[in-house]
Amino acid sequence: MSPRVGTKITKIIAMLEGEHGATVAQLVAATGWLPHTTRAALTGLRKRGYTLTSDRSDRTRGSIYRIVSARSSDEATEAAAAGGAVARDTGPSESGADDQPVRHKHRTGATRSSAKARIRKAA
């Protein structure tokens, strides 16, 4: 499914399909987005099936991004018919496989129950 005509994402696609590609700074100037939003748009294009390359050889311009190929319309139609979602393993449920409580780790790497035990011992 191609983006609507006249949107910022179509402007980004046109710039990236150009002979010289575009830097994040050029994309930011063209869209008015912040750099992190622009990089997220590049990630979104990758998820839509566009193949992007980045050339880091030009030290003065920075990384230059280009679209090498886009997903064909047949592939886009098939992905839309399939719901466009990619199945992924979400891991065990919160209750755990054996209905045992899940022990989440604290920033220190210790489980919550062991951290509470240390606090009780210290008191």
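What order do you get for 37-46, 53-62, 3-12 when each peptide is scored by the mean count of other beta carbon atoms within 10 Å, highest first?
My ranking of the peptides, most packed first, is 37-46, 3-12, 53-62.
What are the ³J(HN,Hα) values, in whole Hz, obtained from phi via the Karplus relation 6.51 cos²θ - 1.76 cosθ + 1.60 with θ = phi - 60°, for each residue of the stretch 31-41 in sequence order, with x given for Gly and Pro?
9, x, 7, 6, x, 5, 5, 5, 5, 5, 5
Any read-out appearing in this document is the output of simple, stated calculations on the displayed coordinates, not a laboratory observation. Computed from a predicted structure; not experimentally measured. So basically every Cβ, Gly included, is an ideal-geometry build from the backbone, and we count neighbours across all protein chains shown.
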